[in-house]
Structures are given as structure tokens and as C-alpha cells.
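The values are calculated or read from the model by the stated rules, or taken from the named source; none is laboratory data. As the structure is a computational prediction, the values presented were derived from the model and not from experiment. Please note: Cβ atoms are built from the backbone with ideal geometry, for glycine as well, and neighbour counts cover all protein chains shown.
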Amino acid sequence: MDERAAAEAALRDALAHGGERESDEALWDALTAWQGETFRTAKGLAFTYLIRERRDGAVSGEMFISRKEKSITQSTVFMAFHRALELGGVVTGPKKLGTFGASYLYPVFIRLGIIRPGEIEQPEQTSLF
């Protein structure tokens, strides 16, 4: 089993049997395993992310997105994660996560199986005729 598959399995196990702390740690491990992979936003924009190491060699608490100059902090990632869980894993679009960087977290969470995209709500079309 490769690192990504093992991290995903650990995340599924933590979600099923662990508490909040275990789930958060398993999520961060999975995110670390998937860094460098190309993802696409809901609008189709390609991006990658990196979780840098600190000087002491430990993993930092920030995700650096290739399309942004700002990073997404670990606490913001966890807020979006818990919001997705509150929604039962059915999230109709990035804005429903309600955090900074949601447009980047949304496709990553889909890939990790945390959320299933619901039907994106479309505004009602009005006819001009």
C-alpha cells in the first residue's frame, strides 16, 4: 500500500472510530501525502499545494497553494473539514465550507472522500419571452 492509500485508509478509520483530534491528525497526514498532486478548482483552474517543513524537520501548520501568495492555516483547514462533516459530507460548492481557501480545499476534500459534491444550486432562469 502506498503512502497516499495508507493515509486515506487511516483517515477513513479515524472518521469512523476516532475522535475529533484523531480525525484532524489523520486529515493533516492525508493532506501531507497528497501534496504536489494537481487538483482543479470548481472553475477548472489547476493548482498544487505544499505543506512545508519547519526548521526542526516537523511538518508546518500551513498549506501553500500554487495559485495564491497567502497560505491556508491548519486551523482554517480544520474549520472547513468540520463544516463538511456537519453537512454530512454533501457539499454543493466551495462556498458552503465558509472559510478562506475553500475553493482549493473543496476539490482536495472530494479527492480524499471527505465530501461528495451535491448538485450545485443554479439560479432560476427567467425567460425574456
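Okay, here's what the table says:
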{"read-out": "All positions within the stretch 94-129 that are touching a Gly at 6+ places or on another chain (Cβ under 9 Å), modelled with pLDDT of 65 or more and in a loop (DSSP other than H, G, I, E, B)", "value": "113, 114, 115, 118"}
{"read-out": "Which numbered condition residue 6 fails, given (1) more than 15 Å from the chain's Cα centre (by Cα); (2) part of a helix (DSSP H, G or I); (3) in contact (Cβ under 8 Å) with a residue 40 or more places away in the chain", "value": "(3)"}
{"read-out": "Meets criteria (in contact (Cβ under 8 Å) with a residue 12 or more places away in the chain, farther than 19 Å from residue 4 by Cβ and charged (D, E, K, R)) for residue 62", "value": "yes"}
{"read-out": "Scan of the stretch 26-44 for residues that are in a helix (DSSP H, G or I) and not hydroxyl-bearing (Ser, Thr, Tyr), ordered by number", "value": "26, 27, 28, 29, 30, 31, 33, 34"}
{"read-out": "Any hit, the stretch 85-93, residues being crowded, with 19+ Cβ neighbours inside 10 Å and either farther than 24 Å from residue 9 by Cα or at pLDDT 95 or above (or both)", "value": "no"}
{"read-out": "Filtered residues of the stretch 29-59 (kept if of a type in the set (S, T, N, Q) and touching a residue at least 12 places away in the same chain (Cβ under 8 Å))", "value": "32, 35, 41, 48"}
{"read-out": "Among the candidates 80, 26, residue that is buried (at least 16 other Cβ atoms within 10 Å of the Cβ), closer than 24 Å to residue 93 by Cα and touching a residue at least 24 places away in the same chain (Cβ under 8 Å)", "value": "80"}
{"read-out": "Matching residues in the stretch 9-22 - criterion: being over 13 Å from the mean Cα position of the chain (by Cα) and either part of a helix (DSSP H, G or I) or surrounded by 12 or more Cβ atoms within 10 Å (Cβ to Cβ) (or both)", "value": "9, 10, 12, 13, 14, 15, 16, 17, 18, 20, 21, 22"}
{"read-out": "From 89, 18, residue being at positive phi and without any contact (Cβ under 8 Å) to a residue 60 or more places away in the chain", "value": "89"}
{"read-out": "Residue, surrounded by the most Cβ atoms within 10 Å (Cβ to Cβ), within the stretch 45-72, restricted to residues that are within 16 Å of the chain's Cα centre (by Cα) and either part of a helix (DSSP H, G or I) or among the small types (Gly, Ala, Ser) (or both)", "value": "71"}
